[in-house]
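So the structure is just underneath, and the comments pick up after that.
The values are calculated or read from the model by the stated rules, or taken from the named source; none is laboratory data. Bear in mind that the values here come from a model prediction, so they are computed numbers and not experimental data. Here Cβ is always computed from backbone atoms with ideal geometry, including for glycine, and neighbour counts include all displayed protein chains. Each accessible area value is taken on the protein alone, full model and side chains, heavy atoms only, with ligands, DNA and RNA left out. Shrake-Rupley method; radii C 1.70, N 1.55, O 1.52, S 1.80 Å.
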Amino acid sequence: MCGCGEPSWGWGLCAPSPILLLSLLLSAAPFGLLGEETRQVSLEAVPGWPGPPQNLLHIRAVGANSTLHYVWSSLGLPAVLLVATNTPHSFLSVNWSRLLSPEPDEGLMVLPKDSIQFSSALVFTRLFEFDSTNVSDVTAKLPGKPYPPYSLAEFSWNNITDSLDPATLSATFRGRPIHDLTKAFVNGSLSFRVQAFSTSGRPIQPPRLLHTADTCQLEVVLTGASPRGNCSLFGLEVATLSQGPDCPSVQEQRSIDDEYAPAVFQLDQLLWGSLPSGFVQWRPVAFSQKQRGRESALPCQVSPLHPTLAYSLPQSPIVQAYFGSQTNFCAFNLTFGASTGPGYWDQYYLSWSMLLGMGSPPVDALSPLVLGIMAVALGAPGLMLLGGGLILLLHHKQYSEYQPIN
Amino acid sequence: LGSYFCYDNPAALQTQIQRDMQVNTTKFMLLYAWYSWPNVVLCFFGGFLIDRVFGIRWGTIIFSCFVCIGQVVFALGGIFNAFWLMEFGRFIFGTGGESLAVAQNTYAVSWFKGKELNLVFGLQLSMARIGSTVNMNLMGWLYSKVEASLGSAGHTTLGVTLMIGGVTCILSLICALALAYLDQRAERILHKEQGKTGEVIKLTDVKDFSLPLWLIFIICVSYYVVVFPFIGLGKVFFMEKFKFSSQAASAINSVVYVISAPLSPVFGLLVDKTGKNIIWVLCAVATTFVSHVMLAFTLWNPWIAMCLMGVSYSLLACALWPMVAYVVPEHQLGTAYGFMQSIQNLGLAIVSIIAGVILDTRGYLFLEVFFIACVSASLVSLLSVVLLYLVNRARGGNLNYSAKQREEMKLSHTE
């Protein structure tokens, strides 16, 4: 929002703060074309394949005149499809035998095709590990000496029907390497917890991103895996579809409000094209303990998106099935933690959350409590001044009335 | 003056302490609270102890020893990775710290009485603030040097750094010894009396305090708690919200002290010349209010807000404390000042803890809003004083007399 590279040394550079304040005060998030106040949100594992169960999770959010589809899957790789349609009657159609074949094109579709307003995908391709010892240069390109990355295409994933909970609209994909040669994941796993919401609100645990019925949340948790060094940092490679020749960019929005994520004054946002389209939102913070407090908060760096050739990435069947094989990908890396401060090594735990949605991204507003206290804090002295003025006036009146008698 | 250097040691090393000792902000702020607790009581008895029990020379030496031991224990807590030991160290440090200031003032009075006392007090305050400033900017650097020479960061590094910081306390102990020697010699040569604090404190006086005095207490407490705990927690705030580097954040965090060092004597003179204390206090509180609002709700360069806060803090310090003298009969003055210092310390201790809790659970914005509410309380009580004054003007209140009026009044009293 504030497009200045300089950290606000001069105040001419970062002028729009009053506007920022204003936009924060206008609490009602402007709902975009697709945004609707109420949606019927359902979450189900897509049935129909006669063989062993396959992980295909369908979140369908039906509004009065639109439907949002999120299709999560760990087939091949953890990936998600986002499809927005302008009818409440659109549905997901899966041709299992084609989807599971080596040529999955058109194995998965959202119908009717002419109702589709927007579609994109995210693919989680690799888990990085870096050795951050002896890294003194903060500006270095890599956070440390890289170990060979774990390819998520070589992970095996549990059956989501075990963790699927229709009441909380959540499900967890939990995976570990198929060939765990170093035995790093004997007691460990990498999990992707997906949650949809039927109303807007905030989770209890930080980073407490504001969610609506238009969005779903992904929580990535790495736990128990033995790191390959004493000072290992982990990172995640994420790929997305590019709509044109250029990659979408990550915006870093600075805000004044850190009430929901103490001491984090930034919100990162990836937008596909101009609004309203799809978005990914996250706070640049990860946590090294289950109890996510400020003492376990790690910084989270994001690299710029760069174009990647499709064949250099492992393919996700659902993305190929929906978009075909002629697609351009852009990839970016997230890195969690720094060589100093808390880290994964504390408790062998790392968690990070992001919000995925279509329409206009939710906008944070000052909480009613803050506004209430400010109103009292500003109002009380104001009232005192007013009251004081009145008393003074009356006093003067009395004085002038008594004077003639004296 | 070494004690001022060490008072803000925790603020200068906040990130390092929290990382190396693995404590959250709530526990970190306890370091400040433990400093304040003993002073809640000691402010009453510090003067008494100096006057009646130790005498000023021994008093200064003993309190200096306390400060030294406290800092050493604090540092040992770091070396042995025992946070409770660090807290205990701060407690001992606090026992000595504030009373040492009283002793210092007594020396100043006994040596400069009837001469340039105001200037001396101003300079003393300046020295104290310079100590704090140097600490803010030096400790981080010292920590990185020790880290480099020990080869790794950790609680040992922290302890060693604090131990080196403690050298200043030893210096101040040496100064205390030298002072005692000089003072004794002066007494022998000039037949000068040993200095007395002149504070006679009677707890029973408390019930006779007038409403304006209580309001002044409220102003004092609610003002000081928005400045000192904020500075204690400020460094991370500037780094996270305004993306300052560690050094720049230390620098801006110490700007309040930097400003108040040269301005205290100037404002002291200004308030002395013009009188009108209430107006000055009102200006100071309102300015602080504005600066906290700026810090909370804008991304403007925080130097502006911090400089404003520095100016208003020095103004308030000069204008508020003398105000007490106008609403209290002279024989209760000692009690009033002791009480004021005591509840100020109580307020600082409690608010330090609250501030830590708020920061850990609700973040900096909420903390700022809390501080704004405190300043607002201070503003409200101040306006109440103004109202009382306006209503009672006929009865001859004298809080807001100009210097000239005051002079006349003095004359009429002496006649």
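Before moving on, here are some points about what is shown:
- Filter on B:K243/B:K276; B:K27/B:K145; A:K290/B:K243 - keep pairs with C-alpha separation over 31 Å: B:K243/B:K276
- Applying 1/(1 + (r/R0)^6) with R0 = 41 Å to the Cβ-Cβ distance of B:Q184 and B:L138 gives a FRET efficiency near 0.75.
- Heavy-atom accessible surface of chain A, averaged per residue, reaches 46 Å², computed with a 1.4 Å probe.
- Counting heavy atoms of the protein chains alone, A:D246 has an accessible area of about 120 Å² for a 1.4 Å probe.
- At a probe radius of 1.4 angstrom, the accessible area of region B:200-415 per residue rounds to 36 square angstrom.
- Accessible area, probe 1.4 Å, largest first, for residues A:D114, A:D165, A:D268: A:D114, A:D165, A:D268
- Counting protein heavy atoms only, region B:142-189 has 68 percent of its accessible area on carbon and sulfur, 1.4 angstrom probe.
- Other protein chain C-beta atoms within 10 Å of residue C-beta, averaged over B:357-367: 6.
- Per-residue shielding of A:258-267, expressed as the average number of other chain Cβ atoms within 10 Å of the residue Cβ, stands at 6.
- Most mobile of A:P245, A:P381, A:P362 in a GNM of chain A (Cα contacts under 10 Å): A:P381
- Rounded to the nearest 0.05, the FRET efficiency derived from the C-beta distance between A:E106 and A:L181 at R0 = 51 Å is 0.85.
- For the segment B:373-384, counting C-beta atoms of other chains within 10 Å of every residue's C-beta and taking the mean gives 4.
- Sequence ranges B:90-96, A:150-156, A:218-224, A:45-51, ranked by mean other-Cβ count within 10 angstrom, highest first: B:90-96, A:218-224, A:150-156, A:45-51
- Rolling a 1.4 Å probe over the protein heavy atoms of region A:162-231, with every protein chain left in place, gives an accessible area that is 51 percent carbon and sulfur.
- Between A:L378 and A:N86, the FRET efficiency estimated from the beta carbon spacing at R0 = 60 angstrom works out to 0.85.
- Surface listing: A:H396, B:H155, A:H89, A:H58 arranged by accessible area from highest to lowest gives A:H89, A:H396, B:H155, A:H58, probe 1.4 Å.
- Whole-Å semi-axes of region A:179-332's equivalent ellipsoid (Cα gyration tensor): 26, 24, 16
- Heavy-atom SASA rank of B:D360, A:D257 (probe 1.4 Å, accessible area, largest first): B:D360, A:D257
- Compared with the direct C-alpha span, the chain from A:S97 to A:K290 gains 65.4 nm at full extension, assuming 0.36 nm per residue.
- Relative to the longest principal axis of the Cα atoms of chain A, the long axis of helix A:368-402 makes an angle of roughly 10 degrees.
- Heavy atoms of B:V357: accessible area, 1.4 Å probe, square angstrom to 10: 70
- Interface burial for A against B (accessible surface, 1.4 Å probe, total of both chains, Å², rounded to 100): 3600
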